[in-house]
1. Rounding to the nearest 10 and keeping the result within 0 to 90°, find how far the Cα-based axis of helix 125-136 lies from the longest principal axis of the chain.
2. Based on the mean of other Cβ atoms within 10 Å per residue, sort peptides 273-284, 71-82 so the most packed one is first.
3. Return the long-range amide H neighbours of Arg227 (sequence gap of 5 or more, or a different chain), with a cut-off of under 5 Å between placed amide H atoms.
4. P(r) of the stretch 67-153 in 10 Å steps, Cα pairs, percent per bin?
5. Per residue of the stretch 57-65, in order, report the coupling 6.51 cos²θ - 1.76 cosθ + 1.60 (Karplus, θ = phi - 60°) as ³J(HN,Hα) in whole Hz, putting x for Gly and Pro.
6. Tell me the trypsin sites (Lys or Arg not before Pro) within the stretch 193-291 that lie in a loop according to DSSP and have at most 10 other beta-carbon atoms within 10 Å.
7. Would you mind telling me the share, in percent, of accessible area of the chain contributed by carbon and sulfur at probe 1.4 angstrom?
8. Just to be sure I understand the model, the point goes 7 Å from the Cα along the line to the Cβ. What's the resulting Leu59 to Thr191 distance in nm?
Amino acid sequence: MFAALPLLDPFSVFRRYKDMRSLGLLGMNQRNHKYIARYNARSLFPIVDNKLHTKELALEYRLTTPDLLGVIDNQHDASLLDRFICDKEGFCIKPAKGSGGKGILVIKACEQGRYQKTNGDWLELAAVQRHVSNILAGLFSLGGATDVAMIETLLVPSHALAKYSHHGVPDIRVIVFRGIPVMAMMRLACTESHGKANLHQGAIGVGLNIATGRAINAVQRDRCIERHPDTGVLLSELQVPRWHELLRLACSCHEICGLGYLGVDLVIDEREGPALLELNARPGLSIQIANNAGLLPRLRQIEAIKKPELWTVDKKIEFALAHFSR
Ligand SMILES: Nc1ncnc2c1ncn2[C@@H]1O[C@H](COP(=O)(O)OP(=O)(O)O)[C@@H](O)[C@H]1O
Ligand SMILES: [Mg+2]
């Protein structure tokens, strides 16, 4: 059981937000003006707003990230998809400029020219090609702008975490401020989120102790929960494996992209360990609800330091462990 965390009725969310203000909750305006505008140079946005550019950067610096099997950038080539996936057991197709889980197609098995989604449904090749075609047409991209489709190797969640997610790979969001990890949460897919680990689609957010990677609180649609709604697994027992490796990877992401206020999305792959999924220049604020703690006191502590960006990764992690542990 999570220590001293009352279960909330649906009407108490507003009260909860008010309570959290006293905990130093960072609001949207403050985030935009005080942190994003000040610490994230606009010239750096294109790197993180396009998953293909992010992947190229990660590969240049040898950070672990799912392999790129192929890129399709025009409608004619959608019919050539087969050449990228024919010998693969599983793969993931996503829009380079997508967000919020939109347009992500995860195929976990292939058999006799048919492709199985994470929820168990099977698709014919033509349906997968149509999905690529929709991505190219901009169906999932901001403002309907045309896009390119990326085909990636399938990530397989680490054994220790697989039981916590239903029909999807759980991911871990770390907020990194001026190179120092400040807050983290794990996002778990469930039936309601259609196998996506995105909170506004109904996924579960589990706040994590930044020092240990152990669960401290869990929420779904801003309500505290104790068990995974599909599997019944007790969320307070969740412990992310290879936690310090994961923190190192999150810190390295700041070093390669230069964004001062950064959201890093990572997964723990069974074979590869911590791997980078994507970077975010405007990370959401619900990580605070998942952690039952505000970001402001932590951000202010870091603002009081002179040039922490120049510290070694070890020193940045030591600081986080010493100051933000719960
Ligand atoms: N290569 C992959 N293998 C398996 N699942 C994936 C893969 N890439 C993404 N996913 C799933 O899709 C979710 C969203 O992926 P992400 O790349 O972060 O896109 P978005 O910007 O839409 O959030 C992840 O949390 C994970 O559950
Ligand atoms: Mg994401």
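1. Roughly 50 degrees between the two axes.
2. Result, highest mean Cβ count within 10 Å first: 273-284, 71-82.
3. Under 5 Å from the amide H of Arg227 lie the amide H atoms of Leu235, each far enough along the sequence or on another chain.
4. Each 10 Å bin holds this share of Cα pairs: 19, 55, 24, 1.
5. With coefficients 6.51, -1.76 and 1.60, one gets 5, 4, 5, 4, 9, 6, 7, 6, 8 Hz.
6. Arg271
7. 52
8. Simple spin-label model gives 4.0 nm for this pair.
The values are calculated or read from the model by the stated rules, or taken from the named source; none is laboratory data. Keep in mind the model is a prediction, meaning the values are calculated, not measured. Reconstructed Cβ throughout: ideal geometry from the backbone, glycine too, with neighbour counts over all protein chains shown. Please note that ligands, DNA and RNA were not included when accessible areas were found on the heavy atoms of the full protein model with its side chains. Shrake-Rupley method; radii C 1.70, N 1.55, O 1.52, S 1.80 Å.
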